[in-house]
6 protein chains.
Amino acid sequence: MQNIIMPMHEFFMGMNQLELINRAPGFFKYQPHNVAAHSWKVTQIAQFLADVESQNGAKINWQSVYEKALNHDYTERFIGDIKTPVKYATSTLRSMLADVEDSMTENFIKTEIPRQFQSAYTRRLGEGKDGSIEGQILSIADKVDLMYEAYGELEKFNPEPVFVNIFQSSLEALSEFKHMASVKYIATDILPDIFAEDFINKDLLYDLAKSLLPDFAAAENN
Amino acid sequence: MQNIIMPMHEFFMGMNQLELINRAPGFFKYQPHNVAAHSWKVTQIAQFLADVESQNGAKINWQSVYEKALNHDYTERFIGDIKTPVKYATSTLRSMLADVEDSMTENFIKTEIPRQFQSAYTRRLGEGKDGSIEGQILSIADKVDLMYEAYGELEKFNPEPVFVNIFQSSLEALSEFKHMASVKYIATDILPDIFAEDFINKDLLYDLAKSLLPDFAAAENN
Amino acid sequence: MQNIIMPMHEFFMGMNQLELINRAPGFFKYQPHNVAAHSWKVTQIAQFLADVESQNGAKINWQSVYEKALNHDYTERFIGDIKTPVKYATSTLRSMLADVEDSMTENFIKTEIPRQFQSAYTRRLGEGKDGSIEGQILSIADKVDLMYEAYGELEKFNPEPVFVNIFQSSLEALSEFKHMASVKYIATDILPDIFAEDFINKDLLYDLAKSLLPDFAAAENN
Amino acid sequence: MQNIIMPMHEFFMGMNQLELINRAPGFFKYQPHNVAAHSWKVTQIAQFLADVESQNGAKINWQSVYEKALNHDYTERFIGDIKTPVKYATSTLRSMLADVEDSMTENFIKTEIPRQFQSAYTRRLGEGKDGSIEGQILSIADKVDLMYEAYGELEKFNPEPVFVNIFQSSLEALSEFKHMASVKYIATDILPDIFAEDFINKDLLYDLAKSLLPDFAAAENN
Amino acid sequence: MQNIIMPMHEFFMGMNQLELINRAPGFFKYQPHNVAAHSWKVTQIAQFLADVESQNGAKINWQSVYEKALNHDYTERFIGDIKTPVKYATSTLRSMLADVEDSMTENFIKTEIPRQFQSAYTRRLGEGKDGSIEGQILSIADKVDLMYEAYGELEKFNPEPVFVNIFQSSLEALSEFKHMASVKYIATDILPDIFAEDFINKDLLYDLAKSLLPDFAAAENN
Amino acid sequence: MQNIIMPMHEFFMGMNQLELINRAPGFFKYQPHNVAAHSWKVTQIAQFLADVESQNGAKINWQSVYEKALNHDYTERFIGDIKTPVKYATSTLRSMLADVEDSMTENFIKTEIPRQFQSAYTRRLGEGKDGSIEGQILSIADKVDLMYEAYGELEKFNPEPVFVNIFQSSLEALSEFKHMASVKYIATDILPDIFAEDFINKDLLYDLAKSLLPDFAAAENN
């Protein structure tokens, strides 16, 4: 029906669509979040976390920090929003879905990205959350934004338990990286400000933060 | 976190969420459609198609017509919106996804539906699009609503090619059932009214309708 | 201006409009509800209430349960949203408004529904809340959804007194049917789950529920 | 439930509700219009029409022009949006509805407006469209805004025939006042600018304007 | 590009735009407020405040009360929403911005308002908040609506401190006019109703109101 | 009122606000654009333009490309949306406004950014559109996104002349950089795809593009 290939134009038009795709549809009641704006916030957070790691002596590849964060959700455009429990139901399913995502991405790059830019976009649209420090920063930044999204509902007294669950699972994910300077900084310099305000289930989450992030517990006990 | 099981209350609360889940997020620019309202429209259309089949002499199980249509998208709530090309990438993937959907539905029924209603909800939340006349009516009604959703954008001059594609694929799906009285009725008594109005790509779609639905072609040639 | 009659096409297009007509405009602050989605939820609730009645030994005409619930608000499209106090100001006014609604519906059926389907749509678009068990189920289901709509605001701490009023008047309406198995089930198995959560004016509503629904009071006192 | 009377506070809170009540729900697809904003626009238009009448030698009571326009739809808050065909179905019904509206307004004034301001609000919330020049200006201004609301959809190519109907009925209403200087001004100095732009059904409406408003026809023929 | 001057048509079309410009973008989470609806509410409040002043013996120019309030924010359309701290950073900047606003308004009047109405619109679109009693009423009414907008968020438990700040600064502005009968009335007959309800930071604001408005303190101490 | 300084927490919370601030309020009718999502799109476009420049032999500082684009509109949060004609009314006013913006940014950095990150944020929140190649890429990317935003309205047949004006002024801004490889690429490989589709005023814009961008004219003449 639409046979004309429009390299880059199609890529750019797809960005408008990501502005219209809401995250976690049906959950946020006070402030919706679209994939485009989320990607911007994650890149902002990654930029700051890289500052912290860099000041702590880590060698940061800044191009990689930005590139990974900026592009990490572009493929949501052609994959859709598969709920996490579905995605992770079995390891075989998970790897099959990953294969399909890879082959759709590959096909998109082949048809919509001009040849001379294909290797750059193969890297950009691939999985960014690898074991490199920049990949770990992306993993953390993605969870910090999710935590703030949940907090935005909790501080306005949204009682739906899903937001407590999201807040908790974000903290659990952060605790996997608790050895990193940037997660220590979140624990000692950002979380206390969040808990300085009143919101629903604050005590419950406060206890969770203390048990999951030892640096937060230490900071609070001083 | 939320250990209390709340049978039926949880089922009813889930309906509010389906009111907030938009269909084809990022595409509709003039009028959004949520899953709850879509389900109502499909049931209305199925009710009418069953009228047509019944007047044509078919034996209709009305309870089944309504039940299938009313419940056909409830599970979108815990499965999410997986884009069709992903879902159908390979037949193995498709069947694995179907298995996951089945086991999540089964688990939901076991934990959130009181025992005495479990067999009814197993039937209601299972796949309704089977080979029975009621299952075929659901398949057709689902596509007729999709066709009207696309038409609602096309008649307001939305030029994005995706709506032509949706309109076409809806017609193709209808043509698979072209032997049925209800599809004949759509071809001879409903499509002509749609084409009586001006909209983008009308000629293109008109030609498609003629080639895919012989009864429409015959009606137009009179 | 628009002389062409478009049977059924016009009926189907009208469904899109019902998706855009919000219930109680100006009141819901957290989640709007449109007439199409409300109709779907009422039909879902009616389906469940009929399960309860059926298990209690009642003879249910399932086609009628679904048909009444599915179509009960379609005529809002050409009648508009007349506030309840206006509608019920005097019994003469109420019956005159009912007459106008009837004659507009009759006229719509005559001009927009093909002759062979007119008797079915006369039944479907007529008053469904009659004295039959299916009519009573519709009356109850309509109020249960209204109660849940109010609860959705109250649980998010909307302090406007109108939602307490709606919650109360829904309970009062349910209490008129308190002899029915389905209302007993609501009182003993659904309301307690609602009151298991914290929300504004919970105590006030809890007392009301106890005074209006003896089965709820009995369940709570065990 | 809410026994405390809160004079004026209740009146002011009601204005927030009018900001949330949309006009013609289900129709406007490009730009919604709420009752509060509509009231502001009508008052702006009335102000201008009074300028024209005044320059033409009419004696204008400016306080009355503003007061009538500003308050003309406040009672929509407790009456609701009754569709015009219902309202005008029979003259008895129309007068009964008017009586109900009057008695609800009266009751509101008695309970929510402090005694010393009751006579002012009885005048303000009463019917403003009387035979005085200020009442006629309100009638015209209300229709001019409705015409602009329809034009806002037509110029963006909304093909739904309802907007042509609204545009036409607005012109018909204006033509009832065609002897007035302000309607002459609309015909000779504002309508031509509207028709200077391209929009759907422009020719049809242009012909209507010429037949209904002789001054427009004369201006165009020069 | 668009050389044709369309007097008054352009003025009226600009009103549609003011319906789409939200006040304090990014702040209101429960109910947005556009400039058009705000202007209507301010005019309503001014009308009431003028009642109070009039009953207190003041001589009110009603045309001026309405005209000032109705038109006081029309120029936001071509000036934009400059944040208050920017506007007031230095007195030179403030007066330069005022000069630019004046010259843009002057230019708009010259090109879009027909000559015979220019003097009226120069008065209407100029600064209305002068030292006359009508100008003071406008200043008070503008703040009362702002206070109600903040209250609408606070009563729904929006914890963002900006709304406390707005509530406080509105009270401070009112206290500058505390000698006026209308502000006394607000202090003694409207504020107590606001504080009769529960909302976030009620005690804090209650104390502020008592310290800023002596008449409120007196009324509460009785 | 809010004395506690919350370094970085305040910076992150501000991002939620930028998600709620719409660009050009009152203009976009089909798809709104918020500042956060715009910033993401500009960074995506800058990333691509830097690819083009790099392949053309330029030495790119990638960290700078990303940093400039990502942060270029963060200060809109405390400055507000001053309309361009106001901003540029006189060169004195423009430089005074720039001074105010600088001093507000400086103050924000001093109070809300921890000392060890202040120099990084001074660079990030300062003016990025300098004469460096990365600064020029930001200038171009900002205009390309604006052009696409206008195109999104034009392709859906929004007839308001403002979008033609925006499209034109974007092209004019691009033509200032027409010597750059990335602008040549836009002219020869992206604009033709835009003009391959039908939209309002296409011919007018096509002629403008040809006169403003010689490389586009050359590409079209082949």
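None of the figures in this text is laboratory data; all of them are computed from the coordinates on show. Source: prediction; values computed, not measured. Cβ coordinates were reconstructed from backbone atoms using ideal geometry, including for glycine residues, and neighbour counts include every protein chain displayed.
Relative contact order, percent, of chain D when contacts are C-alpha pairs under 8 Å separated by at least 6 residues? Relative CO of chain D lands at 21 percent. Each copy carries a label point for residue D:110 at 7 Å from Cα along the beta-carbon vector; from one copy to the others these points are 4.2, 5.9, 6.4, 6.4, 8.0 nm apart, nearest first. Shielding by partners for peptide A:158-171, expressed as the average number of C-beta atoms from other protein chains within 10 Å of each residue's C-beta, is 2. Dipole of the stretch C:9-221 computed with +1 at Lys/Arg Cβ and -1 at Asp/Glu Cβ about the Cα centre; of C:218, C:17, C:117, farthest Cα towards the positive end is C:117.
Within chain F, the whole DSSP H helices whose Cα atoms reach 27 Å or more along their own axis and whose mean Kyte-Doolittle score is at least -1.0 are F:35-55, F:91-112, F:133-154.
If a/c stays under 1.5 just call it rounded; otherwise compare a/b with b/c (prolate if a/b is bigger, oblate if not). Do that for the stretch C:1-51, with a ≥ b ≥ c from the square roots of the Cα gyration tensor eigenvalues.
Here the stretch C:1-51 falls in the oblate category.
The charge dipole of the protein assembly as shown, taken about the Cα centre with unit charges on the Cβ atoms of Lys, Arg (+1) and Asp, Glu (-1), comes to about 0 debye, rounded to the nearest 20. Across peptide F:57-70, the average count of Cβ atoms from other chains found within 10 Å of a residue's Cβ is 3. Using Cα centres only, tell me the gap between the stretch F:173-222 and the stretch B:71-88 in whole Å. Using only Cα atoms to place each centre, the spacing works out to 42 Å. Residues considered: D:17, D:136, D:47. Largest GNM mean-square fluctuation over chain D, using C-alpha springs under 10 Å, is found at D:17.
Here residue D:83 is the anchor, and the aspartates and glutamates within straight C-alpha reach of less than 13 Å, apart from those fewer than 8 places off in the same chain, are C:76, C:81, C:101. Label-point spacing for residue A:85 across the identical copies (point 7 Å from Cα in the Cβ direction), in nm and ascending order: 2.9, 4.5, 4.5, 4.7, 5.7. If only the Cβ of Lys and Arg carry +1 and only the Cβ of Asp and Glu carry -1, the dipole of chain B around its Cα centre is close to 480 debye. GNM remark for chain D: springs join alpha carbons under 10 Å apart, and the peak mean-square fluctuation among D:181, D:120, D:46 falls on D:120.
Considering only D:200, D:104, D:188, and ranking their Cα positions along the charge dipole of the stretch D:9-221 that arises from unit charges at the beta-carbon of Lys, Arg, Asp and Glu, the one farthest toward the positive end is D:104. Here the alpha carbons of the stretch D:4-109 define both size measures, Rg and Dmax, at 16.4, 51 Å. Computed with the Debye formula from one identical point scatterer per Cα of the stretch C:9-221, without solvent, the log10 of I(q)/I(0) at q = 0.08, 0.14, 0.18 Å⁻¹ comes to -0.31, -0.94, -1.41.
Largest GNM mean-square fluctuation across A:91, A:139, A:54, computed for chain A with C-alpha springs under 10 Å, falls on A:91. Summed over all non-identical Cα pairs, the Kirkwood treatment of the stretch E:68-162 gives a radius of 15.5 Å. Normalising by residue count, the stretch F:150-222 has a Cα convex hull of 76 Å³ per residue.
Select from the stretch B:154-222 those trypsin sites (Lys or Arg not before Pro) which occupy a DSSP coil region and have at most 16 other Cβ atoms within 10 Å, ordered by residue number. Sites meeting the loop and neighbour criteria: B:178. Enclosing the Cα atoms of the protein assembly as shown in their convex hull gives a volume equal to 193 cubic angstrom per residue.
Each copy carries a label point for residue B:211 at 7 Å from Cα toward Cβ; from one copy, the others' points are 4.3, 4.3, 6.4, 7.2, 7.9 nm away, ordered from shortest. For the stretch B:74-121, the equivalent ellipsoid built from the Cα gyration tensor has semi-axes of 26, 11, 7 Å, listed from largest to smallest. Taking the helices alone, chain F has a mean residue ellipticity at 222 nm of -20000 deg cm²/dmol, built from -39,500 (n - 2.57) per DSSP H run of at least 4 residues and averaged over all its residues.
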